[in-house]
1. Those residues that are touching a residue at least 12 places away in the same chain (Cβ under 8 Å) and within 15 Å of Val71 (Cα to Cα), I need them from segment 13-38; list them, please.
2. Return yes or no: is Gln244 farther than 25 Å from Gln345 by Cβ, modelled with pLDDT under 95 and within 16 Å of ligand 2 (Cβ to nearest atom)?
3. Would you call Pro317 in contact with a helix residue (DSSP H, G or I) (Cβ under 7 Å, 6 or more places away or on another chain), at pLDDT below 95, on the phi < 0 side of the Ramachandran plot and not small (Gly, Ala, Ser)?
4. Read through the list (1) more than 8 Å from ligand 1 (Cβ to nearest atom); (2) over 19 Å from Leu369 (Cβ atoms); (3) in contact (Cβ under 8 Å) with a residue 40 or more places away in the chain; (4) of a type outside the set (Asp, Glu), then give the number of the only condition that Met344 fails.
5. Please go through segment 293-314 and pick out each residue that is within 16 Å of ligand 2 (Cβ to nearest atom) and hydrophobic (A, V, I, L, M, F, W, C).
6. Surrounded by 20 or more Cβ atoms within 10 Å (Cβ to Cβ) and outside the structural domain of Cys203 (by TED's automatic domain parsing), is that true of Gly310?
7. Given the conditions (1) modelled with pLDDT under 90; (2) not in a helix (DSSP H, G or I), and given that Lys132 satisfies all but one, which numbered condition is not satisfied?
8. Which members of segment 273-296 meet the condition of being touching a strand residue (DSSP E or B) at 6+ places or on another chain (Cβ under 9 Å) and closer than 23 Å to Asp255 by Cβ?
Amino acid sequence: MIDDEADIREVVSISLTDAGYRVATAADGRTGLLRVQSEPPQIVITDIRMPGMDGIQVLDAVKKLNPDIEVIVITAFADLELAVKALQLDASDFITKPISDSALHLALNRAKTRYTVRKQLKDYTRLLEKEKEDQARILHQDKMMSLGRLAASVVHEINNPLSGILNYIRLMHRILRSGPLGAERQEKFQGYLDLVDKELSRCTQIVSNLLTFSRKSPPAFETVHIDDLLERCILLSRHRLQLQKIDLATDIQPDLPPVTGDANQLQQCVINLIFNAVDAMPAGGTLTLAAGIDRGKNRLTIAVSDTGCGIEEKNLPHIFEPFFTTKQEGYGVGLGLSTVYGIMQRHQGAVTVDSRPAKGTTFRLEIPLER
Ligand SMILES: Nc1ncnc2c1ncn2[C@@H]1O[C@H](COP(=O)(O)OP(=O)(O)OP(=O)(O)O)[C@@H](O)[C@H]1O
Ligand SMILES: [Mg+2]
């Protein structure tokens, strides 16, 4: 209780002590503040008009010291303007002189309520923060778990081709040891080399998929010409399309503007979508590769459509998750679409899907254009 008038200090002090409060008094602002600092109270009552430091300054200083402390100011009737200012500075209340007991206790009760509510709010915020931390920890654990699964799938995926390669190399050794290479054995030898080649590229592909997925390979942004890129994708997948009796249709808008991006990663996206489309059409069908401009979004779009099995509705929310696959073991790792998703994020673009079971699927890549 800070007031320069000794009488008021005494009256208020007695009244409050009787009501069960612990009271400390000070005759001026500076002394009062020192006490607030050394023994922080829950509530400060201060007169507004005092010589030296006035009540508004006290209020301001107390709130700066500890915003949780409630401050009640005492004003004269004529000081309404000061009272308003005090409230703006977050005083909890004001009482007017002459101080009536009932007004004093009412103001104190309100201050007490504010004090406890504020404290509860703080505890609650702390609780929420802890919960947030817990959630972050759980997310991290999830990530570690998926990393574990990732490691397991690498071992699983790479182990098969590696043991294949080892076998072929042993066979080739045996062929070499058993004498000079005749035409027939040379052919066999060549066949084994081809298989080694194939298995090794599978390993490389798995590793590069994983690298983009785990963001280990830094993207190299450059000017990318999408028509050239699509041309390369067609070349790379032509063989698979022919094998599976899939017709290729293209609808690539001429004079597409270049985009900025990582050509390898973008190519990987398109290839992943094409391979998924091929897998969806085991009995043949049509694959359509389209590219154009979405003026509204200022984006270049690449659409890969198939006339395949489509995606069941219940699977749609999961297809972009790493390791989600509906393919038989050994046929899909479930990393293709999550890789596409990650790459599109890094390009500030998007990937969307539109699918109808038994009719077909369209995946659309959106890549931002220069403004
Ligand atoms: N064009 C499509 N038609 C039908 N289903 C699709 C198509 N593309 C993706 N899917 C579904 O989404 C799943 C996830 O695809 P994703 O490319 O991520 O993994 P995957 O092809 O199973 O394995 P990976 O690409 O790692 O070899 C597939 O298993 C399949 O069920
Ligand atoms: Mg795939």
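The values are calculated or read from the model by the stated rules, or taken from the named source; none is laboratory data. Everything numeric in this text was worked out from a predicted model, so none of it was measured. For neighbour counting, all protein chains shown are included, and Cβ atoms are generated from backbone atoms with ideal geometry for every residue, glycine included.
1. Val23, Ala24, Thr25, Ala26, Gly29, Gly32, Leu33, Val36, Gln37
2. So Gln244 fits the description; yes.
3. no
4. All conditions are met except number (2).
5. Val304, Cys309, Ile311
6. Taking the combined requirement at face value, the residue does not satisfy it.
7. Just one mismatch for Lys132, condition (2).
8. Thr288, Leu289, Ala290, Ala291, Gly292, Ile293, Asp294
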